[in-house]
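Reading through the structure tokens given below for one structure.
The values are calculated or read from the model by the stated rules, or taken from the named source; none is laboratory data. Note that the structure is a prediction, hence the values are computed from the model and not measured. Here the Cβ positions follow ideal geometry from the backbone for every residue, glycine too, while neighbour counts run over all protein chains shown. All accessible areas refer to the heavy atoms of the entire protein, side chains included, with ligands and DNA or RNA removed. Shrake-Rupley method; radii C 1.70, N 1.55, O 1.52, S 1.80 Å.
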Amino acid sequence: MDPDDVVEESIEGAGTTDVTLVSLNKPIWTYGLRNPHWLLPERDKRATSVAFVALSCPQSKAGVIPEDDRGRFCRAVALFLTESAFFLTSHNPVTIIPAVKGSGPSMRDAPFTDDEIWGLGAAGMRYVVTGMLEEDGLEGEVSFTLYDARAKTKMDRFAQKGQRYDFGRMVLDLSEKVCSAIGSSGSSNVPWYASPSPDLIDGYLGTLARSLTLYLAQKGVVPKDALAGEPNLLQWIADFAVATPGMHVPPVLLAASLSVDRSLATDTYKQFKAQSMALVARESDPASPLFRLAPLIYQLFGEDDLYAERCGTLLENGDTPLINWLEALEAGYK
């Protein structure tokens with residue numbers, strides 16, 4: 001791994017001495033890609049910081065529990081809000097995941113207290129967005145609360161009620177309102193990024209959550225020997241990427257997840273060579289993220305000739321950040 005790609009940090013103040021707050025300051029699908037600066041829009045380090053905290057759920061047992069659909073959903077929502085803010089605003093968004101180091105991500109059955117939110121403000125966050133999932137098995141409410149953590153004020157609350165099968169769509173609607181409240185431009189700041197459609201949001205959230213599990217295992221938050229269903233995690237991500245032609249993020253997320261999986265010193269990632277190669281083969285747009293990430297995938301699976309050919313093509317376009325990434329890839333990851 002490129003040391004610059006390790007940007008996760010722990011922020012104390014999660015309410016107990018055992019729980020820490022793991023922060024990720026990029027979309028989850030960039031981790032493992034060896035720091036491709038060309039992939040993301042430039043950020044001003046002095047820009048406003050906004051933290052998106054994983055949802056709490058009163059119906060969930062608090063603490064570290066085996067991964068389930070509820071926990072994955074609550075964490076994926078924060079990842080998705082961070083991603084949305086990254087491409088729809090000029091802010092510096094951060095995902096906050098409560099976790100116990102060496103045990104795994106932690107669920108909360110109650111919202112963050114004011115003191116915890118103000119503590120995030122003292123740690124550098126201007127805005128903090130917390131969330132709640134309240135459900136009875138058939139229906140429920142998804143809500144977000146926006147705070148100005150530095151001014152120690154509650155700014156707004158956004159909520160929708162509906163059937164359980166509508167939770168993803170509700171998140172999609174509410175994310176637009178939250179981003180608008182903190183200064184959304186209304187359109188993506190890169191031409192290739194778009195939010196998933198309502199019929200794809202549930203699968204999209206599922207891929208984000210599963211890639212987070214792999215990343216947390218790489219960071220030692222989830223014990224590697226306790227990583228349950230590793231092939232199934234990757235299979236979900238791979239299947240979604242194959243099933244969503246025209247979407248740019250899913251195949252990128254697969255590439256990142258396979259790279260992270262290889263760092264766990266297993267051979268599981270090798271099972272997904274055929275799907276990965278097929279995804280690269282169907283992408284012919286030189287400006288697309290996957291076309292540009294192809295050298296990493298070819299290198300991952302030992303396709304030296306294809307690697308050299310694609311690098312040669314990409315070097316011709318003169319894109320300095322891309323060239324720098326290719327040079328680092330060649331120098332440090334043979």
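Test of understanding: among A308, A281, A287, which residue is open to solvent by 50 Å² or more (accessible area, probe 1.4 Å), out of contact with any Ser or Thr (no Cβ under 7 Å at 6 or more places or on another chain), farther than 13 Å from A238 by Cβ and touching a residue at least 40 places away in the same chain (Cβ under 8 Å)?
A287
Any residue in the stretch 43-62 that is within 19 Å of R75 (Cα to Cα) and at pLDDT 90 or above sitting within a Cβ distance under 6 Å of a residue that is open to solvent by 10 Å² or more (accessible area, probe 1.4 Å) and of a type in the set (F, W, Y)? List the pairs, counting only those 6 or more apart or interchain.
Close Cβ pairs satisfying both conditions: V50/Y127.
Could you look through the stretch 185-201, keep only residues that are under 28 Å from G140 (Cα atoms) and out of contact with any Ser or Thr (no Cβ under 9 Å at 6 or more places or on another chain), and pick out the one that is least open to solvent (accessible area, probe 1.4 Å)?
In this case the residue turns out to be S197.
If N317 meets every condition in (1) at pLDDT below 95; (2) part of a helix (DSSP H, G or I) apart from one, which number is that one?
(2)
Which of the residues that make up the stretch 109-129 are touching a strand residue (DSSP E or B) at 6+ places or on another chain (Cβ under 7 Å) and among the β-branched types (V, I, T)?
Passing the criteria: I117, V128, V129.
Filter the stretch 68-89 for residues that are surrounded by fewer than 19 Cβ atoms within 10 Å (Cβ to Cβ) and either in contact with a helix residue (DSSP H, G or I) (Cβ under 8 Å, 6 or more places away or on another chain) or in a helix (DSSP H, G or I) (or both) and give the result.
Within the stretch 68-89, D69, R70, R72 qualify.
Looking at the stretch 232-245, which of its residues are more than 17 Å from D261 (Cα to Cα), part of a helix (DSSP H, G or I) and open to solvent by 30 Å² or more (accessible area, probe 1.4 Å)?
Scanning the stretch 232-245 gives V242, A243.
What's the number of the condition L254 fails, among (1) open to solvent by 10 Å² or more (accessible area, probe 1.4 Å); (2) closer than 21 Å to L290 by Cα?
(1)
Taking D156, is it in contact (Cβ under 8 Å) with a residue 24 or more places away in the chain and either among the charged types (D, E, K, R) or touching a Pro at 6+ places or on another chain (Cβ under 8 Å) (or both)?
Criteria met by D156.
Which ones in the stretch 214-231 are part of a loop (DSSP other than H, G, I, E, B) and open to solvent by 10 Å² or more (accessible area, probe 1.4 Å)? Show your work before the answer.
Quick first cut of the stretch 214-231, residues part of a loop (DSSP other than H, G, I, E, B) only: 219-223, 227-229.
Listed by number, the residues that qualify are K219, G220, V222, P223, L227, A228, G229.
Anything in the stretch 246-272 that is in a helix (DSSP H, G or I) and of a type in the set (D, E, K, R)? List them, or say none.
Step one: filter the stretch 246-272 for residues in a helix (DSSP H, G or I), giving 249-263, 268-272.
Hits for the stretch 246-272 are D261, R262, K270.
Out of all the residues in the stretch 14-37, which are surrounded by 17 or more Cβ atoms within 10 Å (Cβ to Cβ) and more than 20 Å from L212 (Cβ to Cβ)?
G15
Can you tell me which condition A331 does not meet? The list is (1) in contact with a helix residue (DSSP H, G or I) (Cβ under 7 Å, 6 or more places away or on another chain); (2) more than 22 Å from F272 (Cβ to Cβ); (3) among the aliphatic types (A, V, I, L, M); (4) free of Cβ contacts under 8 Å to residues at least 40 places away in the same chain, and all the others hold.
All conditions pass for A331, except number (1).
Scan the stretch 202-213 and give yes if some residue there is exposed (fewer than 14 other Cβ atoms within 10 Å of the Cβ) and not in a loop (DSSP other than H, G, I, E, B), otherwise no.
no
Output yes when any residue across the stretch 25-35 is of a type in the set (V, I, T) and under 13 Å from the mean Cα position of the chain (by Cα), and no when none is.
Yes, the stretch 25-35 contains at least one residue that is of a type in the set (V, I, T) and under 13 Å from the mean Cα position of the chain (by Cα).
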